[in-house]
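Participant: The structure's right below; bear with me while I get my questions together.
The values are calculated or read from the model by the stated rules, or taken from the named source; none is laboratory data. Owing to the predicted nature of the structure, the values given are computational and were not obtained by experimental measurement. A quick note on method: Cβ atoms are made from the backbone with ideal geometry, for glycine too, and the neighbour counts reach across all protein chains shown. Side chains included, ligands, DNA and RNA excluded: accessible areas come from the protein's heavy atoms. Shrake-Rupley method; radii C 1.70, N 1.55, O 1.52, S 1.80 Å.
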There are 2 protein chains.
Amino acid sequence: MTDSRDHEQRSLYRRVADDLRADIVAGNYGAGASLPSESELAARYDVSRGTVRQAFSALRAEGVIASRRGARRIVLSGPRLQSFTELLSFSRWARAVGEEPAGRVVSLERRDATALEREQLNIADGSRIYHLTRVRMLSGRPVMIERTAYPDRVGALVAGMDPDIESITERLAELGVLFTDAEHIIDAVPASTEDARLLDVRPRVPILRERRRSTDPSGTPVEWSEDRYLGDAVAFTVHNSVAANALSRQPGPGPSTKAR
Amino acid sequence: MTDSRDHEQRSLYRRVADDLRADIVAGNYGAGASLPSESELAARYDVSRGTVRQAFSALRAEGVIASRRGARRIVLSGPRLQSFTELLSFSRWARAVGEEPAGRVVSLERRDATALEREQLNIADGSRIYHLTRVRMLSGRPVMIERTAYPDRVGALVAGMDPDIESITERLAELGVLFTDAEHIIDAVPASTEDARLLDVRPRVPILRERRRSTDPSGTPVEWSEDRYLGDAVAFTVHNSVAANALSRQPGPGPSTKAR
DNA sequence: GAGTGGTCTAGACCACTTG
DNA sequence: AAGTGGTCTAGACCACTCT
């Protein structure tokens, strides 16, 4: 309570993992470099080997390192590290990559949920939701349209906020609404006429579309969003491996697929 | 050699994880359902609690389950499961989703690596590579263009294959070239005139572009590919969480960004 | 052959959820 | 209050890499 140090008194394995991650980001271990052995780290931190393995396991889940039996663990790609929160919050992300985020609320309304929204938010027929449309800007240029549906309980909190607040996600976290898991569907679509107007481009230019469902620790959906990025404004990167595969590829609605 | 059972004699925790995954896919545990406790599974399989936890850990890395302290683990999204191999091999993926894959080689050449290829494949100046361009089809309709650079050592194997072979990735695996990690960059671009010709669409239609670098267990790059999907033909889905975050968002080359 | 990571065991204590 | 997952320990044996 007296301390403002954010993550000092966490678990041992997090401390080890954080230290290693920091070393990698600092460039002390470049891509391909081999890391200290389990036994060496266990001795250095005076913890058991299991704890060191737990730390390595977390880094592997982040796609930072790879391992083979018999050889030391190695650093994979260079530092490409984004926290989960940075991924869900446009504002946090923009600041992290050195851009100045901004936003403009286009509309905020409470209305009956559509069939898709009911399915994605896992709510009953006739439920009402809050729907927010915002245009997000980087350095003054509009780059993304955010169309988000919140279940009634969460939406009420959003509606109560200053409409020009920079980060809704951060404010929700302060209010105790935690986002812990998210499922993203990423594809490419042409800009609609409304998209084109809001983003100040011509209709039909390529749009990178991200549909996202975020859930809290109990698996309850707290957000269903369709974000549309200008094709040349952002890219998503994903790391996967035999050990941790969080990526999949799905047939689209195009004329090629048999069932829609 | 005498057995055709693929994955029987693996580790204990894999057996537990495979069983749970199969149960989830079979629908025995729907989205949101809670799973058996660690102690129950430990008793059922006669293994230690640590082994059961290792199985759950693997499922969490796949984005299949979530957990909270004090409550049982729950199933997240319904069955959305694709093996890592299915992700790297168009053919395997197509068959898994019930489509008939096909392909046509447009060109295969050995030439000097470009600067980008040298960087991505981590090879020296003046190195030569093999470059393959293929059009991939689903049910007779072209949906994707694959432009892949292989380092000399791997490319020599590819060049020796029957050019009309269905899955190069599978053949390479048989020859001992293993893919264990991959980094994907996903964005949206307009179709070039060549893209349009190969895919039989008009220029400038939205294309979902996936650039991918695959590495073997030692971290050595074995493939650098740029795949271009027809916008309405496929979508990628990604799961991430506070615990395992393999996704990140990057500024694109557009006029919004300061650098470049 | 020495070192390293992969797997597994059997315990322990704690924080949290749930009835 | 009982049950459950989160963390940690101290051992063990094995498969593999490296030199």
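Participant: Tell me which of these B:Glu119 doesn't satisfy, since it passes every other one: (1) within 12 Å of another protein chain (Cβ to nearest Cβ); (2) crowded, with 20+ Cβ neighbours inside 10 Å; (3) not basic (Lys, Arg).
Facilitator: (2)
Participant: When the residues of segment A:180-202 are filtered to those that are open to solvent by 70 Å² or more (accessible area, probe 1.4 Å) and of a type in the set (D, E, K, R), which remaining residue is nearest to A:Ser218 (Cα to Cα)?
Facilitator: A:Glu194
Participant: For segment A:213-241, enumerate the residues that are touching a residue at least 60 places away in the same chain (Cβ under 8 Å) and either within 16 Å of A:Val154 (Cα to Cα) or aliphatic (A, V, I, L, M) (or both).
Facilitator: If the condition is that a residue be touching a residue at least 60 places away in the same chain (Cβ under 8 Å) and either within 16 Å of A:Val154 (Cα to Cα) or aliphatic (A, V, I, L, M) (or both), then A:Arg213, A:Ser214, A:Thr220, A:Pro221, A:Val222, A:Glu223, A:Trp224, A:Ser225, A:Leu230, A:Ala233, A:Val234 are the ones that fit.
Participant: So, one more: Restricting attention to segment A:159-188, which residues are among the β-branched types (Val, Ile, Thr) and more than 19 Å from A:Glu210 (Cβ to Cβ)?
Facilitator: Keep residues of segment A:159-188 that are among the β-branched types (Val, Ile, Thr), which gives A:165, A:168-169, A:177, A:180, A:185-186.
Answer for segment A:159-188, where residues must be among the β-branched types (Val, Ile, Thr) and more than 19 Å from A:Glu210 (Cβ to Cβ): A:Ile165, A:Val177.
Participant: Sticking with this one: How about segment B:23-116: which helices (runs of 4 or more DSSP H) wholly inside it have at least 1 residues that are away from DNA strand D (no atom under 16 Å from the Cβ)?
Facilitator: Passing ranges, in order: B:84-88, B:90-96.
Participant: Which of the following residues is open to solvent by 30 Å² or more (accessible area, probe 1.4 Å) and either in contact with an Asp or Glu (Cβ under 9 Å, 6 or more places away or on another chain) or not hydrophobic (A, V, I, L, M, F, W, C) (or both): A:Val177, A:Val205?
Facilitator: None of the others qualify; the one that does is A:Val205.
Participant: Step by step: first the residues of segment B:1-22, then only those that are away from DNA strand D (no atom under 15 Å from the Cβ) and of a type in the set (A, V, I, L, M), then the one that is modelled with the highest pLDDT. Which residue is that?
Facilitator: Selected residue: B:Ala22.
Participant: In this structure, is A:Tyr45 more than 14 Å from every other protein chain (Cβ to nearest Cβ) and either in contact with a Gly (Cβ under 6 Å, 6 or more places away or on another chain) or open to solvent by less than 50 Å² (accessible area, probe 1.4 Å) (or both)?
Facilitator: Considered against the rule, which asks whether it is more than 14 Å from every other protein chain (Cβ to nearest Cβ) and either in contact with a Gly (Cβ under 6 Å, 6 or more places away or on another chain) or open to solvent by less than 50 Å² (accessible area, probe 1.4 Å) (or both), A:Tyr45 comes out as no.
Participant: For segment A:122-131, check the following and say yes or no: at least one residue is away from DNA strand C (no atom under 16 Å from the Cβ), more than 12 Å from chain B (Cβ to nearest Cβ) and hydroxyl-bearing (Ser, Thr, Tyr).
Facilitator: Checking segment A:122-131: at least one residue is away from DNA strand C (no atom under 16 Å from the Cβ), more than 12 Å from chain B (Cβ to nearest Cβ) and hydroxyl-bearing (Ser, Thr, Tyr).
Participant: Here's something else I'd like to know. Is one or more of the residues making up segment B:166-182 within 16 Å of DNA strand D (Cβ to nearest atom), at pLDDT 90 or above and part of a strand (DSSP E or B)?
Facilitator: yes
Participant: Residues to consider are A:Arg134, A:Arg141; find the one that is surrounded by fewer than 19 Cβ atoms within 10 Å (Cβ to Cβ) and within 22 Å of A:Tyr229 (Cα to Cα). Walk me through it before giving the result.
Facilitator: Working: A:Arg134 fails: surrounded by fewer than 19 Cβ atoms within 10 Å (Cβ to Cβ).
Criteria check complete, one pass: A:Arg141.
Here's the yes/no breakdown for (1) more than 7 Å from every other protein chain (Cβ to nearest Cβ); (2) within 19 Å of the chain's Cα centre (by Cα); (3) at pLDDT 95 or above:
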{"position": "A:His184", "(1), (2), (3)": "no, yes, no"}
{"position": "A:Pro217", "(1), (2), (3)": "no, yes, no"}
{"position": "A:Thr220", "(1), (2), (3)": "yes, yes, no"}
{"position": "A:Glu223", "(1), (2), (3)": "yes, yes, yes"}
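Participant: Then there's this: Taking only segment A:68-94 into account, find how many residues are surrounded by fewer than 17 Cβ atoms within 10 Å (Cβ to Cβ) and within 11 Å of DNA strand C (Cβ to nearest atom).
Facilitator: Of the residues in that region, 5 qualify.
Residue by residue, here is whether (1) more than 23 Å from A:Leu178 (Cβ to Cβ); (2) out of contact with any helix residue (DSSP H, G or I) (no Cβ under 7 Å at 6 or more places or on another chain) holds:
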| position | (1), (2) |
| --- | --- |
| A:Glu38 | yes, no |
| A:Tyr45 | yes, no |
| A:Ala55 | yes, no |
| A:Ser77 | yes, yes |
| A:Ser89 | no, no |
| A:Arg92 | no, no |
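Participant: Return yes or no: is B:Asp112 more than 16 Å from DNA strand C (Cβ to nearest atom), over 22 Å from the mean Cα position of the chain (by Cα), surrounded by 14 or more Cβ atoms within 10 Å (Cβ to Cβ) and not aliphatic (A, V, I, L, M)?
Facilitator: Spelling it out, it is not the case that B:Asp112 is more than 16 Å from DNA strand C (Cβ to nearest atom), over 22 Å from the mean Cα position of the chain (by Cα), surrounded by 14 or more Cβ atoms within 10 Å (Cβ to Cβ) and not aliphatic (A, V, I, L, M).
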